[in-house]
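The values are calculated or read from the model by the stated rules, or taken from the named source; none is laboratory data. Remember, it's a predicted structure, so these values are computed and weren't measured experimentally. Methodologically, a virtual Cβ is constructed for each residue, glycine included, from the backbone with ideal geometry; neighbour enumeration extends over all protein chains shown.
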Amino acid sequence: MSKNMTFKTLPLTKSNSKEWDDFCEKSPGAWFWHTSNFIDYILHYQPQRNTRDLSFFVYGGDGLIKAIVPLMIEDCEFDSKKASEFLFGGQPLPSPVFSEDLYNEVNREKRETLLMFILSEIDNLAKIHKVARITLRNCVLASAAAENSKQFNLLFNFGFINISLKTQVIDLKKSEDELSVDLRRNHTRNIKKGNEHDFKLVVYTSENINHEVFLAYKTTHKKAAGRQTRPDYTFDLMYEWITKDRAFLAVVLMKEKQIGFEYYSVYKNRAVGFSAANDPAYEHLPIRHFLEWNAMIWMKKQGIEVYEIGLQQYGPLLYDIPDEKLLTISHFKKGFGGFATELLIGEKFYDREYFLHIYNERIKKYAKAIWQN
């Protein structure tokens, strides 16, 4: 346990994971990505990354938890250059989360002081573990997302570089008619085609999920990808989350045959599409159009208020160069309505040579992307 001013840190362990998750439940800054359940998933997600958990609590002088900090260290390779980075299954880490009282505007300075302490602790851990870079992101699904954004922006004054993107969010508090009007016309036509093919949506929750249908999802996922993309243990966790009302599985049937699946994560009345797979033999049919729309309506009826449908990429950026497939996916998601909101992401380098290597490669790729014709 380290000490600094009135704050103390304590590592996250299995024995104190309930305290961690109870804190997530109460904090408006936390979402499912912050929970110990999801941290466990990331620890096993990509074995080749040799992911290690350095997540920690921050306690105040009164002995109460003031913040939690998800922090994972992973082995990375960027264009044949190896390094250790603070990442989250190859993606940016979710940013630190504070206690409920610290999100009050009157406690803004206390929150900022605590953030500076956390950043100092992370810097110390980076030095100890010889970490070359950290990448953090804000969580748009947290109810305190706006306050988180204000806090996150402070990172750019402390050595972090802004590499933010956009993500599409749908307000499910709108009426079904309003949501329907927001659909792209081509999406509306494809949803109707699904009806003409006698598509049917079945949603599996804690009340009706069974191993047989989940195995069908897993098998289809493997078939669509051409291989199993992650260990069995991570699928076991996903099944468990459904039984605990942290997720649901939407399945499209055509003549009673399961042809499309999408797994959604749910936490605090907010949802995100986590994993999707269609049977390749039926890929020519508008499965995802039908599935997304009907899942949205189902979510709305369950009282889910916000749905993050996913990343929006519009073209090459210095730090993000999407291919045609990713641009097509972004365009598809945007067709369901909603609005693009800032997905704040920041990176900080601890190794000068690694920084030069990364940015030299980025400049080359960016130049190729914008002058490829």
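Could you tell me how many of the residues in the stretch 138-180 are among the acidic types (Asp, Glu), modelled with pLDDT of 90 or more and either not in a helix (DSSP H, G or I) or not assigned by TED's automatic domain parsing to the domain that holds residue 309 (or both)?
1
If a residue must be surrounded by fewer than 17 Cβ atoms within 10 Å (Cβ to Cβ), in a helix (DSSP H, G or I) and either of a type outside the set (D, E, K, R) or in contact with a Pro (Cβ under 6 Å, 6 or more places away or on another chain) (or both), how many such residues does the stretch 238-254 contain?
Total meeting the criteria: 1.
What tally of residues in the stretch 102-112 results from selecting those that are more than 25 Å from the chain's Cα centre (by Cα) and surrounded by 13 or more Cβ atoms within 10 Å (Cβ to Cβ)?
As a first pass, look at the stretch 102-112 and keep what is more than 25 Å from the chain's Cα centre (by Cα): 104-110.
Retained after the next criterion (residues that are surrounded by 13 or more Cβ atoms within 10 Å (Cβ to Cβ)): 107-108, 110.
Counting residues in the stretch 102-112 that are more than 25 Å from the chain's Cα centre (by Cα) and surrounded by 13 or more Cβ atoms within 10 Å (Cβ to Cβ) gives 3.
Of everything in the stretch 75-101 that's closer than 18 Å to residue 43 by Cα and hydroxyl-bearing (Ser, Thr, Tyr), which residue is surrounded by the fewest Cβ atoms within 10 Å (Cβ to Cβ)?
84
Table: residues versus (1) more than 24 Å from the chain's Cα centre (by Cα); (2) among the basic types (Lys, Arg); (3) under 18 Å from residue 347 (Cβ atoms).
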| position | (1), (2), (3) |
| --- | --- |
| 39 | no, no, no |
| 44 | no, no, no |
| 48 | no, no, no |
| 79 | yes, no, yes |
| 84 | no, no, yes |
| 129 | yes, no, yes |
| 136 | no, no, yes |
| 152 | no, no, yes |
| 155 | no, no, yes |
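Which strands (runs of 3 or more DSSP E) sit wholly inside the stretch 1-112 and have at least 2 residues that are at pLDDT 95 or above and closer than 19 Å to residue 148 by Cβ?
56-59, 65-69
With respect to residue 38, determine if the residue is assigned by TED's automatic domain parsing to the domain that holds residue 93, without any contact (Cβ under 8 Å) to a residue 24 or more places away in the chain and of a type outside the set (D, E, K, R).
Yes, satisfied.
Return the total of residues in the stretch 299-350 being within 29 Å of residue 180 (Cα to Cα), surrounded by fewer than 19 Cβ atoms within 10 Å (Cβ to Cβ), touching a strand residue (DSSP E or B) at 6+ places or on another chain (Cβ under 9 Å) and acidic (Asp, Glu).
Of the residues in the stretch 299-350, 2 are within 29 Å of residue 180 (Cα to Cα), surrounded by fewer than 19 Cβ atoms within 10 Å (Cβ to Cβ), touching a strand residue (DSSP E or B) at 6+ places or on another chain (Cβ under 9 Å) and acidic (Asp, Glu).
When the residues of the stretch 272-298 are filtered to those that are closer than 21 Å to residue 139 by Cα and touching a residue at least 40 places away in the same chain (Cβ under 8 Å), which remaining residue is surrounded by the fewest Cβ atoms within 10 Å (Cβ to Cβ)?
275
Given the residues 220, 229, 205, which is the only one that is surrounded by 13 or more Cβ atoms within 10 Å (Cβ to Cβ), outside the structural domain of residue 135 (by TED's automatic domain parsing) and in contact with a helix residue (DSSP H, G or I) (Cβ under 7 Å, 6 or more places away or on another chain)?
Among 220, 229, 205, only 205 is surrounded by 13 or more Cβ atoms within 10 Å (Cβ to Cβ), outside the structural domain of residue 135 (by TED's automatic domain parsing) and in contact with a helix residue (DSSP H, G or I) (Cβ under 7 Å, 6 or more places away or on another chain).
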